[in-house]
Structures are given as C-alpha cells and as structure tokens.
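Every number in this text was worked out from the coordinates using simple rules, so none of it is lab data. Model, not experiment: these values are computed from the prediction. With ideal geometry, Cβ positions are generated from the backbone for all residues, glycine too; neighbour counts draw on all protein chains shown.
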Amino acid sequence: MNSSARSDSYFSDFVASIVVFLVALPLCMGIAIASGVPASVGIMTGVVGGLIVGTLSGSPLQVSGPAAGLVVMVTELARQHSIETLGLVVVMAGVMQLVSGAFGLGQWFRAVPPAVIHGMLSGIGLLLIGSQFQVMADEKPSASGLENLIAIPNTLGQLLSSTWSEQHIALVVGFGTIAGVLLWDKLIPKRFKKIPGSLIAIVAATLICELLALPIKRVEIPDNILQSFHLPSFSALQNFKAFELLLDALALAFIASTETMLTAAAIDKMTPTLRTDYDKELRAQGVGNVCAGFLGLLPITGVIARSGVNVAAGAKSRLSSVLHGVWLVAFVLLLGNVLRMVPIASLAALLVFTGYKLFLSKEAQELRKYSLAEFGIYFVTLGSIVFFDLLTGVIVGVVLSVAKLLYIFSHLTVRMQVDPNNQASKIMFLGGAATFLSLPKLAQFLDAIPDGTELHVNLNRLEYVDHACFDLLRSWEQRQSATGGQLIIDWGTLSAKSKREQDTTPTTPGIAGRSS
C-alpha cells in the first residue's frame, strides 16, 4: 500500500471511529444502567472492547463492547451474586473463550440452529422491553422478566388515572426519545445519515430536560473514573461456589461467543475482501473478558449494531475500533459533567427500542414462512426464556432442534399403489429418510408384496437413504428373483451422495436403476 492509499485508509478509519463512538456512547451507558451498574462501567467496558479486543481481534472491522443481548443474564447474575462475584464469572467465561479459541472451536459457535438464535434474541428483546419500560418511567424493575411484562399495562393504567407526576414526565421524555430516533431515520437527508439518530435524540432530550429543569433521574458518573472498577475481593473468593459459577460462566461464554461469531459472519458478508479468523477472534474476546472481569466491568461481545455502523462509515482496518475506545475514555474523563445531565429515561428508551427490534426481527418472521417446525422451536425457545431464564430457554431450544433432527433421520413414509400402466407391478413411494431405524417399517411393506411382482421404488421425496436400507432392498430382490420378480429404483431428486452409495453396493443380477 503506497503512502497516499495509507493516508486515505487512516482518514477513513478516523472518521468511522467518531461515528462508532457516537453510536456506542449512549448504548454503553444505557446497557450499564439496565444491568444495574453505573453508566461509567458501561463506558469503560466499551473502552476495553475497543483498546484490547479491537487490537487483538480476528475480525478487524468488528466492534466489541457491552451488548444489550447480555443484559438479561448480567442482571440475573448481579442479583444472585455480588458485583465482585459477577467479575469472577466474567473472568471464567473469558478463560473458557481463550481455551476454546486455542483448540480451534471458533467455528463451532456458529453451529447453533437459527430458530434457537432468533428465539433467544426475541426473548431477550421482550425482556428488555419489560425491564426498561419500568426504568423509562423512573421506576425500579422487578427481578422477574415476566412480572415486568405484566406490569407494563398496570403502570400505564396507574399513570393515566393519577395526577401529573415525575413518572409521567420521565415517560414522556422516553417516548419522545424513541420518536426522535424514528423521525431522524425517516426524515433526515441522506448526507446526514452517518450521524446516528440515537445520539441526536439523546442530545435533544438532554437539552430539553436542562432548559426546563425537569425533575427526573439523571446519569450518575463518579468524579474518579477508577471508582468504576470493582476488583475481585477476598470475600467473593470465600463465597465461591465452583459448580454454580462454572455453569453461569459456561452459559455466559456460550451466548457471548455465539453472538460474536454470528456478528463476525455478518461483517464478512458486508466486506467480501476481508475474512474473519474465528479462533483468533474468540481468543481476543477471551482476553477482553478476562480483563473486564478483573476490573469489575460488564462482559464483552461483538455487537452487530456498532460493527455494522463501522463498516457503513467506511472503516478500513482495526484502527477504527481501537480509536472509538480512545474517544470513549477521553469523553468520560474530560466531559463527565455533560454525561451527568443525560436523563436515564432517554437511555432506557433506546433499549426499549432495541428490544422491539430484537423481538420483531425480519429473520424471526421469515422462520414461519420457512417451516412451521422451525417456528415452533423459535416460539418455545422464546417462551422458555420469558417464563424461566435465558439458559433454560437456549437448552430447551437446542434439545428441540436435536429432537427434530432425530425425527427427520428416523421418520420414513411409505405409500404403495398399483402401477396404472401395468396392473401386475406396484410402485412404492418413499419419503423422509430411509435409515436403519426405519428398517422394520420398510420390511413390513416389502414382506406384504406378492411373489413375482415388478416393484418400482420411487425415491423422489426421499431426503436420505443409508446402506442398511439398500441392503434390505437387495435381499428382497434376491428372494423375488426366483419367482420372476424385479426391483427398479426411480432415483428422482435424491442426492448424488446416496446414488453413489447405491452404485458402490455389490450388484445383484436383476436390480435395475432409472433416473426420472
């Protein structure tokens, strides 16, 4: 790369880093407050994601930091344990990611059924709406996600029937913030599109609240940024419950890694000239989470919103992600007083809007068109997350997906009819998968066929056939050949793999094959 091209690349990364910073700042604060920790903790988590993960990343244009998708799990862990103990869980999750990356398991975190992924994201989105709606009304959310969702109509009913209060003001500010984001995205001229609507809405809400001196809650930022850190304490080590915390760390590592790998895959599609090193990315995430855990910060993951903005803003290298971390720490150090003016209701409103987009994603809606079974798995995963917890929902979804796979590979449909062109022959239509698990069913139909019959086996709707079923057909043909019977296989659209398997089977005189 010559000096001119290098200068252009640096400039593009510089511009992109500012755009990503403007998007990340309100989200980092909102995610922290939603997780029950000070806004500065979220910002410093973004700093670690930019400076450390960005430097080591295997996906150069991916931006890492605190993610809305982990809010539900972090909130639950913080409620069950102390902030210091949460730090230990994050450290353990980071170590698991490091080990997974070292053993080349990066690609495996992409092997999660889409129905489970979208069910998980929709469930998280619904729980975000429930918890952050309460925060948007300047009230404290319940520990139960289901209770928060049920409380939304109750809260609205109480506010509508009561006199004007601080909660009314906060709710108006929150809805005004969402309206600002929507109006900016819909009405703004194309040349201003790089300026994020979320930032414009937050700035507008902050100015209005300051000018009118509205009595609603504001962001709290410590005078000393070091107060944002909560190093693991001796008491946290004393309360260490190995199995329970290891299970929490495993769940956190799995969900954070899955979100990161899927984000990296999406970035690869947006930038055909770059390719992610998934194991390197997983190791980078592990280092970031180990550091974040020791500092008492939030867990880190690759975030699609910030990464997509980074690509759209013209980033060329990892420098953009690293610089966005620099701008975050500079802002909190130099302009902490500005952050203290930001209304919490506005930040909560951004997460309510994020939850809405997660819940009603286009990908989730496409599942219903693709397959009712996939949509059922999606719906059960979503419901399990809302009624129980995130880990239970994911486990239920994966178990159902495995059960569906087992059903597909064990379910065989068999239909017999007389050949309309030859009354002395029969046609057997096979559908699904013909494996050793379905041998008894197939054998039952074959045994009922009279001697001397010409049997046509139609495989047009068969997805898979194994050697065991071909062996059964061959044995049946051997018995029938003595009475003048014949077996003719109509391959239809069966995969070439299955056809090759039949072709390599030792031949028996009389067996015929035919492609349709």
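Assorted remarks:
- Tilt relative to the chain, helix 166-187 - C-alpha long axis, 0 to 90 degrees, to 10: 60
- Mean Cβ count within 10 Å, highest first, over the residues of peptides 14-21, 25-32: 25-32, 14-21
- Three-way shape call for region 309-369 based on the alpha-carbon gyration tensor, with the a/c threshold at 1.5: oblate
- Shape of region 122-212, Cα gyration tensor, a/c cut at 1.5: oblate
- Each residue of region 341-358 was assigned a 3J(HN,Hα) from its phi angle through the Karplus expression (A = 6.51, B = -1.76, C = 1.60, θ = phi - 60°), giving 8, 6, x, 4, 4, 5, 5, 5, 5, 4, 6, 4, 5, 4, x, 4, 5, 5 Hz with x at Gly and Pro.
- Computed over all pairs of different Cα atoms, the Kirkwood value for the hydrodynamic radius of region 13-72 is 11.7 Å.
- Think of it as helices only: each DSSP H run of n ≥ 4 in the chain is worth -39500 (n - 2.57), and spread over all residues that comes to -20500 deg cm²/dmol at 222 nm.
- Cβ crowding within 10 Å averaged over residues, with 47-56, 382-391 ranked highest first: 47-56, 382-391
- Using the Cβ-Cβ distance between Leu360 and Leu146 with R0 = 25 Å, the FRET efficiency computed as 1/(1 + (r/R0)^6) comes to roughly 0.85.
- Among the listed pairs Lys190/Lys217; Lys269/Lys362; Lys186/Lys269, those beyond 29 Å (Cα-Cα): Lys190/Lys217
- Prolate/oblate/rounded label for region 3-404 (Cα gyration tensor, a/c 1.5): rounded
- Between Ala349, Asn310, Val398, the Cα set farthest toward the positive side of the dipole of region 289-422 (charges on each charged residue's Cβ, about the Cα centre) is that of Asn310.
- Estimated inter-spin distance, Arg110 and Lys194, nm [label 7 Å along Cα→Cβ]: 3.0
- When peptides 64-75, 410-421 are ranked by their average number of other Cβ atoms within 10 Å per residue, the highest-first order is 64-75, 410-421.
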